[in-house]
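Okay, so here's the structure we're looking at.
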Amino acid sequence: MDPRQLAENYVRIWNADAPRELVDQIFLADFVDHNPQPGQEKDGVAGIHQVLDVYHAGFPSLRVTPDEVIVSGDRAVVRWTAVGAHEGDLLGIQATHRDVRMTGIDILRIADGLIVERWGETNALQTMQQIGAI
């Protein structure tokens, strides 16, 4: 899979309706996540599945779109926007039924057609403010 398609599929896995097996198709099984998400206690692909479960439980209608994808050499950079309603428990925060918009940027290193490393920043403060957690 080419780097641009990998990056677009990376964004797609966060959508609540994304096929679960897509994760296993785009990541090296023991890829390195340099910035694990809250609730992500496992490494590699197992960690991605774990954090997807956390976010999909909290935001069952989660929809993520790529705002910009930049590919250079073995790296892909994705700037994205996510929207969804907070309809379930999220890391101990009860559902608020509020609509949420969050943004972030991820850098993916690609080798042999798979994502092998990830660095990312999500505007978690923005999310927590919107659900009234802070």
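Which condition breaks for residue 94 when tested against (1) modelled with pLDDT of 95 or more; (2) more than 24 Å from residue 2 (Cβ to Cβ)?
Condition (1) is where residue 94 drops out.
Tell me, which strands (runs of 3 or more DSSP E) wholly within the stretch 22-124 include 3 or more residues that are exposed (fewer than 15 other Cβ atoms within 10 Å of the Cβ) and of a type in the set (D, E, K, R)?
It comes to 63-72.
The values are calculated or read from the model by the stated rules, or taken from the named source; none is laboratory data. Small disclaimer: the values here were computed from a predicted structure and weren't measured. Methodologically, a virtual Cβ is constructed for each residue, glycine included, from the backbone with ideal geometry; neighbour enumeration extends over all protein chains shown.
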